[in-house]
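Data block below; observations after.
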Amino acid sequence: MSERRGPLLSPGITRLLVIIGLLVLWEVSARFYADPLFLCPPSQAVMALKHIFSEPKIVKAIEITVYEMVTAFLVSVAFGMTVGLAIGLHGFTKQAILPVVLLLYAIPQATILPLFVLSFGIGPAAKIAFGISHGIFPVIVTTVAGVQNLRAPLLTAAKSMGASRFQVFTSIIFPHMIPSFFTGMRLGMTAVLLGVLLAELYVSTAGIGFYTRLFAESFSPPDLFALIAVLAAIAVTLNEGCRTMERRFSRWHAM
Amino acid sequence: MSGAETVIRIDGVSQAFGAPGDPRRVVALESASLEIARGELLSLIGPSGCGKSTLLNIVGGLATPSTGQVTIAGQVVKGPSPQKVAFVFQENTLFPWRTVIDNVKLGMAFQGVPKSERDDRAQESLKAVGLADFTEHYPSQLSGGMKQRAQLARALGLQTEILLMDEPFAALDEQTRMVLGEDLSVLLARTGKTIVFVTHSLVEAVFLADRVAVLTARPGKIKKIISVEEAHPRKSSFMTSPKLSALRNELYELLHDEIRKTMTLRGETGQSHE
Amino acid sequence: MSKRLVQLGVLIAILVAWYVATLPGGVHPLLLPPPIPVFRNFGVLLTTSSIWPDLFVTVREWVTAFCLASTAGCLIGYLVSRSGYAVRVFDPLFAGLYSVPAILLFPLYLLFFGLGAGSKIAIGTTIAFFPVVLNTIAGLSYVDKAYITAAKSMGANSAQLFWSVMMPAAFPVILTGLRLGCIVAFLSILGGETISSLAGLGHRIVSLAENMETSQMFANILFAVAMAIIINGLVSFAEARGRRGFQ
Ligand SMILES: Nc1ncnc2c1ncn2[C@@H]1O[C@H](COP(=O)(O)OP(=O)(O)OP(=O)(O)O)[C@@H](O)[C@H]1O
Ligand SMILES: [Mg+2]
């Protein structure tokens with residue numbers, strides 16, 4: 001109703017002010033009221049970034065985590081799309097395998113995390129595998145859904161014009177699938193990040209999990225906050241990268 | 001209808017959207033004035049976008065005019081007056097999560113009708129529009145024409161003196177709206193309500209109305225008012241009568257120029273859309 | 001009919017493959033225990049009360065987290081949706097925060113609330129909050145304007161407008177948010193228990209894994225899977241029931 005006489009500030013600026021306000025509130029309350037063993041003001045966390053990045057072992061652990069995320073993502077996407085296309089394009093495999101995929105997708109994955117560590121050890125292999133076990137299912141399911149949305153009249157029309165199987169794939173199925181590919185990639189990325197981070201946090205004798213535990217047990221919240229902030233920034237960058245790609249490629253595809 | 005008492009008085013009403021100087025500013029209405037007598041059915045007709053819905057909303061108190069005022073039975077309209085005015089909207093506004101009868105009753109609940117009276121009144125108004133067998137259906141289970149009749153039933157259930165109808169049959173096919181128009185004529189003659197009826201159909205306007213008010217292209221003004229001297233309820237023979245044809249042709253002449261105007265206006269501003 | 005048959009065939013094939021893989025000379029039983037003892041242990045789990053204490057811990061954490069998240073999510077969503085300006089300020093803020101993997105907060109929660117139920121409730125609440133609040137905002141702020149105008153024209157006051165128009169119109173969308181919140185709360189609490197905990201289903205599975213009792217562990221995993229599937233089915237059913245009449 002109040003469309004005509006809007007507030008003075010644009011929503012973006014107000015949002016920024018809200019964030020700054022919350023940070024100031026946190027700073028003040030942490031500085032004056034909180035137990036420094038548990039909570040630190042954001043300014044100290046920012047200062048601790050320097051400490052984090054000057055410690056080669058921590059930097060290495062972060063690098064390895066990024067490597068695990070990217071590897072697990074690439075494998076999930078490559079395998080997930082291949083499996084998704086194979087399932088989606090074949091009536092029989094869809095009936096036979098899709099329910100199995102959905103069943104596996106419904107497993108609360110955290111419960112099988114110990115199995116991955118038993119099988120693959122505490123190194124990157126277990127974390128990559130666990131990341132894949134998270135990422136591959138959304139990719140498969142989105143790809144299958146994308147194939148399902150293929151409009152039959154288009155295929156019939158192409159066949160009536162004498163298109164070969166190969167031409168049907170390159171000129172109809174593939175272009176049609178592009179938005180689902182990117183949606184699958186975005187969902188896959190979110191899931192992979194969750195999987196890798198869960199595994200990293202679970203293994204407390206090496207990698208990120210070791211440091212979060214170390215910082216918590218030695219009561220140095222600034223380091224803990226800084227490390228988490230770095231990981232969060234990495235995760236958001238990867239997530240937003242996928243989201244931007246999805247937006248760009250769905251736009252020119254939209255008819 | 002001269003001599004009858006004026007119920008709705010529209011007095012120099014203008015409506016503009018957007019601040020002066022805003023390139024998107026639209027002047028929808030410019031000093032429109034009109035008087036509507038008690039028990040009269042007035043059709044509003046005019047080019048698309050000329051401000052018919054806007055005028056109706058102002059009369060019903062759903063919008064406040066930039067200048068001018070509307071009085072109903074001597075009182076200046078300042079907001080919705082559900083006791084006096086009921087609407088049938090251009091869009092389907094039946095609440096999809098309620099059955100037909102619950103939609104009608106909800107309107108009465110909003111208006112403040114005591115609970116004990118609602119059921120009887122709802123049944124009655126649904127019967128009046130021929131939906132007695134569909135009271136327990138959900139709107140999604142009705143055809144387009146039935147939905148519009150259900151909306152009409154909801155408005156009738158409010159038992160207001162004034163009924164404002166904004167292209168109630170616009171979404172329907174020609175045959176259905178003809179038949180609904182005939183039914184409406186009978187129904188309205190019986191209720192004796194004061195009605196303002198917006199339509200795009202020249203035939204519908206003439207067939208239903210006591211007077212037809214033609215609006216100019218935007219900014220909308222009253223261009224001319226034509227009287228249809230024919231008793232209610234109107235028979236289907238009136239539909240095919242030479243009298244109706246003559247009036248329809250007269251309206252077409254009046255509107256033709258106005259619609260041309262809007263087209264050329266669109267042509268000129270067309271580039272800015274691309 | 002033949003579809004069911006195919007699916008049954010695949011299921012049997014998987015079980016047979018599992019059995020064959022665990023025959024002597026196959027996969028090490030510590031990594032993949034043979035199916036028969038797993039199902040025997042699963043039967044024991046269902047018929048004895050040994051799992052009850054852990055089950056109780058997890059369910060209590062889950063219910064608490066879901067109640068907190070849905071109350072906070074609906075309330076904040078409602079407050080934000082009251083003004084179009086607030087929606088434009090806060091909706092992107094919540095959506096942006098949602099793209100941070102919230103599990104990263106778990107080490108902090110361990111520090112604040114300890115190894116017990118507190119940290120699990122906190123992570124479950126955090127993760128379930130977002131789908132609820134985002135769906136509440138979406139549902140309430142995109143109610144078709146025509147409904148609101150119609151209700152006002154019939155004299156609806158603001159309470160009637162909210163309860164008879166806004167709520168029912170937004171209800172299906174909010175319900176979807178609640179369903180998602182309910183499920184992710186359960187999953188993230190299991191995740192939290194797996195990472196670090198003193199009790200609960202996740203804790204049980206981890207300690208069985210650490211003691212190399214894989215057959216027991218598989219039976220417990222089977223239990224958690226069955227529970228997740230049942231929860232999924234129940235909340236989907238509740239959502240479908242809640243939606244009835246909205247089609
Ligand atoms: N809320 C609004 N904000 C800005 N402009 C508006 C608003 N409502 C209506 N207008 C403009 O006012 C003009 C008149 O609109 P209105 O809906 O009254 O036309 P109409 O005569 O009912 O048209 P139609 O026959 O197509 O329904 C239009 O140009 C429209 O763009
Ligand atoms: Mg209109």
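For B:Leu215, the residues 5 or more places off, or on other chains, whose built amide H falls under 5 Å of its own are B:Ile45, B:Gly46, B:Lys223.
With a threshold of 20 Å on the Cα-Cα distance, the over-threshold entries among B:Lys52/B:Lys261; B:Lys52/B:Lys105; B:Lys193/C:Lys145; B:Lys223/B:Lys261; B:Lys84/B:Lys147; A:Lys57/A:Lys127 are B:Lys52/B:Lys105; B:Lys193/C:Lys145; B:Lys84/B:Lys147. Under conditions of 37 °C and 0.692 mPa s, the protein assembly as shown yields 105 µm² s⁻¹ as its translational diffusion coefficient, taking Rh as the Kirkwood radius over Cα pairs in the Stokes-Einstein equation. Bridge orientation summary for the protein assembly as shown: considering DSSP beta bridges with both residues in this region, about 55 percent are antiparallel.
Ligands, DNA and RNA excluded, the heavy atoms of C:Lys152 present near 70 Å² of accessible surface to a 1.4 Å solvent probe.
Projecting the Cα atoms of A:Leu187, B:Met178, A:Ser133 onto the dipole axis of the protein assembly as shown, where Lys and Arg carry +1 and Asp and Glu carry -1 at the beta carbon, places B:Met178 farthest toward the positive end.
Could you tell me which of A:Leu224, A:Gly162, A:Val70 has its Cα farthest along the dipole of the range A:42-254 towards the positive end, charges placed at Cβ (Lys, Arg +1; Asp, Glu -1), taken about the Cα centre? Farthest towards the positive end: A:Gly162.
Rolling a 1.4 Å probe over the protein chains gives C:Tyr98 an accessible area of about 110 Å². Using a Gaussian network model of chain A in which every pair of alpha carbons under 10 angstrom is joined by a spring, one finds that among A:Ala152, A:Ala232, A:Ala206 the greatest mean-square fluctuation is at A:Ala152.
Chains A and C together bury some 3900 Å² of accessible area, summed over both sides, with a 1.4 Å probe. Contact residues in the range C:161-206 by the 40 Å² criterion (accessible area, 1.4 Å probe, full protein complex versus chain alone): C:Ser164, C:Thr194, C:Ile195. Calculated mean residue ellipticity at 222 nm for chain B: -12500 deg cm²/dmol, from DSSP H runs with n ≥ 4 weighted as -39500 (n - 2.57), summed, divided by the residue count and rounded to 500. Each residue of the range A:72-77 was assigned a 3J(HN,Hα) from its phi angle through the Karplus expression (A = 6.51, B = -1.76, C = 1.60, θ = phi - 60°), giving 4, 5, 4, 5, 4, 5 Hz with x at Gly and Pro.
Each residue of the range C:137-146 was assigned a 3J(HN,Hα) from its phi angle through the Karplus expression (A = 6.51, B = -1.76, C = 1.60, θ = phi - 60°), giving 4, 4, x, 6, 8, 10, 5, 3, 4, 4 Hz with x at Gly and Pro. Among B:Gly51, B:Gly144, B:Gly18, the largest mean-square fluctuation in a Gaussian network model of chain B (Cα springs under 10 Å) belongs to B:Gly18.
When the alpha carbon coordinates of the range B:91-159 are projected onto the principal axes, the ranges are 30, 20, 18 Å, largest first.
The C and B chains share an interface that buries close to 1700 Å² of accessible area, total over both sides, probe 1.4 Å. Taking only protein heavy atoms and a 1.4 Å probe, the accessible area of the range A:42-254 is 71% carbon and sulfur.
Kirkwood analysis of the range C:95-247, using all unique Cα-Cα pairs, places the hydrodynamic radius at 18.0 Å. Based on C-alpha pairs under 8 angstrom that are at least 6 apart in sequence, chain A has a relative contact order of 27 percent.
Computed over the Cα atoms of chain A, pair by distinct pair, the Kirkwood hydrodynamic radius stands at 21.4 angstrom. Residues whose amide H falls under 5 Å from that of B:Ala63, counting only those 5 or more places apart or on a different chain, are B:Ile58, with hydrogens built in the peptide plane.
Rolling a 1.4 angstrom probe over the protein heavy atoms with all chains in place gives the range C:50-245 an accessible area of 40 Å² per residue.
Using θ = phi - 60° in the Karplus curve 6.51 cos²θ - 1.76 cosθ + 1.60, the 3J(HN,Hα) couplings for the range B:171-187 round to 7, 9, 7, 3, 5, 4, 5, 4, 5, 4, x, 4, 4, 4, 4, 5, 4 Hz; x is entered for Gly and Pro.
Under conditions of 20 °C and 1.002 mPa s, the range C:14-94 yields 122 µm² s⁻¹ as its translational diffusion coefficient, taking Rh as the Kirkwood radius over Cα pairs in the Stokes-Einstein equation.
The values are calculated or read from the model by the stated rules, or taken from the named source; none is laboratory data. Everything quoted here is computed from the prediction, not taken from an experiment. Cβ: placed from backbone, ideal geometry, glycine included. Neighbour counts: every protein chain shown. The area values use the complete protein model at the heavy-atom level, side chains included, leaving out ligands, DNA and RNA. Shrake-Rupley method; radii C 1.70, N 1.55, O 1.52, S 1.80 Å.
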